[in-house]
Amino acid sequence: QVQLVESGGGLVQAGGSLRLSCAASGSIFSGNAMGWYRQAPGKQREFVATITTRDSTNYADSVMGRFTISRDNAKNTVYLQMNSLKPEDTAVYYCYYRRLGYSGNYWGQGTQVTVPS
C-alpha cells in the first residue's frame, strides 16, 4: 500500500502561481512514476504531468511551458510548479503513484486549485 498526501492548493488570481506537493509513504519501489491529474466540475479526470524516478517527464499540451514537475526521490515527494495560471486550470488536482512495469495507480485525496475568471 502507498499513501499520498497532497498540499499547496488554493485560490490564486489569473496569471499567478501555485506550487503543489505530494508526499508518498508506504511500500515505495525505487522504479516508479508520480504525477498529477486534475478534474474540473462536470468533466472527466485528465492527465496533467508525470515524472519517473529517472526524471523522465511528460506534460499535457494544455500546461506545457507553464507547469513544471519535479521530484525529490529521497523524500518520495513530487512537486508541481504552476505558473501563468488561467481560469481553465481550476480543478481538483490529484497526485498519483505507480510502480513502473505495473498497472494501477494509487491516488491522493485531491487538492483544490481555483483561478477566478
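Quick note: the coordinates plus some simple rules give every number you see, no bench work behind them. For clarity, every value in this text was computed on a predicted model and none was experimentally measured. Note that we place each Cβ from the backbone using ideal geometry, even for glycine, and neighbour counts take in every protein chain shown.
Laid out as a table, the results:
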{"item": "Stretchable slack from K43 to S7, in nm (0.36 nm times residue separation minus alpha-carbon distance)", "result": "10.7 nm"}
{"item": "Formal net charge of residues neighbouring A23 (Cβ-Cβ distance under 13 Å; K, R +1; D, E -1)", "result": "0"}
{"item": "Length-normalised contact order of the chain in % [C-alpha pairs under 8 Å, at least 6 apart]", "result": "36"}
{"item": "Formal net charge of residues neighbouring T90 (Cβ-Cβ distance under 12 Å; K, R +1; D, E -1)", "result": "+1"}
{"item": "Label zone at T52 (point 7 Å along Cα-to-Cβ), backbone N below 17 Å, segment 1-40", "result": "29-36"}
{"item": "Around N73: net Lys/Arg minus Asp/Glu count, Cβ-Cβ under 12 Å", "result": "+1"}
{"item": "With eigenvalues of the C-alpha gyration tensor scaled by 5 and rooted, the chain, Å", "result": "24, 14, 13"}
